[in-house]
Amino acid sequence: MTTLQTVFATAKAENRAALVGYLPAGFPSKEGAVTAAAALVEAGCDVIEIGLPYSDPLMDGPTIQDAVHRSLVNGTRIADVLRTVEGVAATGAATLVMTYWNPIDRYGAERFARDLAGAGGVGTITPDLTPEESEPWRAASAAAGIDTVFLVAPSSTEARIKAVVDCCTGFVYAASLMGVTGARETVNVAAEDLVKRTRAHTALPVCVGLGVGTGKQAAEVAGYADGVIVGSAFIRRMLDAPDEAAGRESIGVLAREMAAGVRSRA
Amino acid sequence: MANDGTILTAADLAGNGAYGNDPDVHGKFGIFGGRYVPEALIPALDEVAAVYEKAKNDAEFLREFDHLLRTYAGRPTTLTEVPRFAEHAGGARIILKREDLTHTGAHKINNVLGQALLTKRLGKKRVIAETGAGQHGVATATAAALLGLECVIYMGQVDCERQALNVARMKLLGATVVPVTNGSQTLKDAINEAFRDWVTNVDTTHYLFGTIAGPHPFPEIVRDFARIIGVEARRQMLELTGRLPDAIAACVGGGSNAIGIFHAFIGDESVQLHGYEAAGHGLESGEHALTLTAGSVGVLHGSRTYVLQDEEGQTIESHSISAGLDYPGVGPEHAWLKDSGRAVYHGVTDDAAMAAFSLLARTEGIIPAIESSHALAGALELGRELGPEATILVNLSGRGDKDMGTAMKYFNL
Ligand SMILES: Cc1ncc(COP(=O)(O)O)c(C=O)c1O
């Protein structure tokens, strides 16, 4: 199992940023999610985030909403998410689950942490779990030996950044912009400033997500961040592809472009 | 009424701990409430909380709010005793608190005027809101017109169709109405979409939340602005009947009209508090909005509360003939009142609500909102249960003009 610590140490040694890819479980199909993630890993993604599809994704833009909706219609359950993690972890990538809080809450924090660790997952990203409400999840995760990643945002005050990074292990997720997920024409300039402010409070790697869609943007973000997170841009290509194989090929091309980007720090 | 002739005093907005059930600093009512939202929204929520904290102790704010409530919303609203209706409740005394007589036709205007004034204090020029029945949307569009704010209303496509009249009203008032076509296309999805707008435009925009659900501080603020309903009703009941009611009945969607009338009575142990949720086609049908009655504890829309969800935490779509009650969550304070036993919650089916709707029209010449009709149906049951000596206060949260399309279909009018 590759840990986040290994991933970021390796990237640092190679003087590059890590590439993190996001795909929801069960999209485009239960099997297809594993093979798509494997294609991302082969193309150079160091870390894979597997999304746990949720009925009310209020942080997500239309692209991820669409994919998640299809996944739920496909009947994706938590057991499928865990099987997906298992399949992806087998490729050698550090594999996380990204999820809204309620599914874990309902499944049981300790049980989820244990089952995720059992599937080879290395941690979670929980975008709507605030530091104030996070204690039970951090305790369960620590007991299971998995990392807890939380988000800071451009609007975060210094005090909030400190509160959030104090809850993080593995890395800190810096949301590049005020808004929902989705590729954008340009990566918000606020991202660089946020990374700088975050570093003042932690030695953990800081990864930037939201709005990254091209190799050029990846290179730009790699210039100041430890990791570049890409989700909607991959999913868009899969949604637009005529079939799963074509989708896989298409995201492979984009991931290679991104992988080159994180290696040519702008 | 305060000595200077105003209807509102600082103590009338709760927040003074007088009722022992203010949330803690994290917005927790016991285990319920709190904040489960993207970090990006935390500063905005903190700002709203801070501005409200200052405003509620500011005489100027109270004066402005009081002025709008009296001269614009039409407060205080009257009580109306309904003896011909009450004959169907075993002869118990039934008295209505007439929120249907407020400007725009529902209790929603109270909270909206308060938050619209807060919006100005926040220095924001744009308001967004979700709406189910359209009453909160209409009230928000109204306040936005009054105060010169840009206004965008998110409304599920299904609700746009069944409350078409209110869509037209909002447009006439200058608001942009955005139909939401994902998920169940009802209130829950309108809230998701409003949150997405808010996180994107939070610098310029206040999310004028319409019920006592959502992340802290909304449950507290919306309650405090709705509290005037019970504050008035308590005084009016004492004037009219010389004593407190034996029971209060209110419908529960998100829970704002119910908490509005309950709250001033929470300390009065002799007064039973009854909330009525939409049982839709009945519990067994699976098509209902029985969040408190049949749901389980979870997190929805930023708050820990009762939720209609499956065993993996996916929200289950609700159903009700009334758009305003068609919601799979509920305010955390009701969750807390339920678990503490201080209030009890029941279900009323579509059919029972529609029967009460038509009964009130025919016996008293008042056409209620279908939402409020759930409370009326509840009062009929309560009356039979409590007997002819009992006095029941019902929150008639809104009027039925908006529901004529649904009524025409239901009754073949
Ligand atoms: C007349 C009326 N009553 C009740 C409700 C339900 O909301 P709440 O439970 O917040 O009072 C609505 C919501 O739209 C409404 O319009």
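Read-outs throughout are calculated quantities, based only on the coordinates presented, and are distinct from any laboratory measurement. Being a predicted model, the structure only gives us computed values, none of them experimental. A quick note on method: Cβ atoms are made from the backbone with ideal geometry, for glycine too, and the neighbour counts reach across all protein chains shown.
What the table below lists for this structure:
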{"item": "Highest-first arrangement of A:31-39, B:53-61, where packing means the average Cβ count within 10 Å", "result": "A:31-39, B:53-61"}
{"item": "Beta bridges by DSSP in the protein assembly as shown, antiparallel share as percent, to the nearest 5", "result": "20"}
{"item": "Long-range amide H partners of B:Ala247 with built H, under 5 Å", "result": "B:Gln272, B:Thr391, B:Leu393"}
{"item": "Shielding by partners - mean other protein chain Cβ count within 10 Å, residues of B:176-182", "result": "1"}
{"item": "Reachable aspartates and glutamates from A:Lys12, criterion Cα separation under 12 angstrom, eight or more residues apart if same chain", "result": "A:Asp226"}
{"item": "Helix-only [θ]222 nm of chain B, DSSP H runs n ≥ 4, -39500 (n - 2.57) each, per residue, nearest 500", "result": "-12000 deg cm²/dmol"}
{"item": "Aspartates and glutamates whose Cα lies under 14 Å from that of B:Lys124, excluding same-chain neighbours fewer than 8 positions away", "result": "B:Glu47, B:Glu150, B:Asp203"}
{"item": "Nearest-20 debye value, chain B charge dipole, Cβ charges on Lys, Arg, Asp, Glu", "result": "1040"}
{"item": "Coordinate range along principal axes, alpha carbons of the range B:280-413, Å, largest first", "result": "46, 38, 26"}
{"item": "Extent along principal axes [Cα atoms of chain A; Å; largest to smallest]", "result": "45, 41, 32"}
{"item": "5 angstrom amide H check on A:Met98, placed H, neighbours 5+ away", "result": "A:Ile50, A:Gly51, A:Leu52, A:Ile125"}
{"item": "Percent RCO, i.e. relative contact order, over the range A:195-266, from Cα pairs under 8 Å lying at least 6 residues apart", "result": "37"}
{"item": "Within the range A:37-69, backbone nitrogen closer than 18 Å to the virtual label 7 Å beyond the Cα of A:Thr3 toward Cβ", "result": "A:47-48"}
{"item": "Chain A, helix-only ellipticity at 222 nm - DSSP H runs n ≥ 4, -39,500 (n - 2.57), divided by all residues, nearest 500", "result": "-14500 deg cm²/dmol"}
{"item": "27 Å Cα-Cα threshold exceeded, pairs from A:Lys196/B:Lys125; B:Lys97/B:Lys402; B:Lys108/B:Lys188; B:Lys56/B:Lys402; B:Lys54/B:Lys97", "result": "A:Lys196/B:Lys125; B:Lys56/B:Lys402; B:Lys54/B:Lys97"}
{"item": "Radius of gyration, Dmax [the protein assembly as shown; alpha carbons; angstrom]", "result": "26.0, 84"}
{"item": "Peptide B:259-267, shielding by other chains (average Cβ, 10 Å cutoff)", "result": "0"}
{"item": "The range B:375-413-the range A:78-130 distance, computed between alpha-carbon centres (Å)", "result": "47"}
{"item": "Student exercise, the range B:290-370 dipole from Lys, Arg, Asp, Glu Cβ charges, in Debye to nearest 20", "result": "340"}
{"item": "In sequence order, calculated HN-Hα J values of the range B:153-161 (Karplus, 6.51, -1.76, 1.60; Hz; x Gly/Pro)", "result": "10, 9, 9, x, 4, 4, 5, 4, 6"}
{"item": "Cα-based radius of gyration of the range A:113-258 once divided by 2.2 N^0.38 Å, which approximates compact folds", "result": "1.11"}
{"item": "Point-to-point label distance, B:Asp268-B:Arg121, nm (Cα→Cβ direction, 7 Å offset)", "result": "2.8"}
{"item": "Mean Cα-pair separation over length for chain B, i.e. relative contact order, pairs under 8 Å, 6 or more apart, %", "result": "21"}
{"item": "Peptide B:296-303 - average C-beta neighbours from other chains (10 Å radius)", "result": "4"}
{"item": "Using a Förster distance of 51 Å, the FRET efficiency for A:Glu110-B:Glu385 (Cβ separation, nearest 0.05)", "result": "0.70"}
{"item": "Other-chain or far-sequence residues with amide H under 5 Å of B:Val178's (modelled H)", "result": "B:Ile153, B:Tyr154, B:Met155"}
{"item": "Positive-end extreme of charge dipole, the range B:77-194 - chosen from B:Thr80, B:Leu122, B:Asn111 (charges on Cβ)", "result": "B:Leu122"}
{"item": "Two-site FRET efficiency, B:Met404 against B:Arg342, from Cβ-Cβ distance with R₀ of 41 Å, rounded to 0.05", "result": "0.65"}
{"item": "Mean Cα-pair separation over length for the range A:144-266, i.e. relative contact order, pairs under 8 Å, 6 or more apart, %", "result": "22"}
{"item": "Spin-label model distance (nm) - A:Ala90 vs A:Lys12, 7 Å beyond Cα toward Cβ", "result": "3.3"}
{"item": "Dipole magnitude of the range B:210-360, debye to nearest 20 (Cβ charges: Lys/Arg +1, Asp/Glu -1, about Cα centre)", "result": "640"}
{"item": "FRET efficiency, B:Thr71 to B:His26 (Cβ-Cβ, R0 35 Å, nearest 0.05)", "result": "0.40"}
{"item": "Linear extension gain, B:Asp310 paired with B:Ala50, 0.36 nm per residue minus alpha-carbon span", "result": "90.0 nm"}
{"item": "Positive-end residue of B:Gly341, A:Ala33, B:Ala294, charge dipole of the protein assembly as shown with Cβ unit charges", "result": "A:Ala33"}
{"item": "Within straight-line cross-link reach of B:Lys28, lysines at Cα separation under 17 Å, skipping those fewer than 8 residues along the same chain", "result": "B:Lys338"}
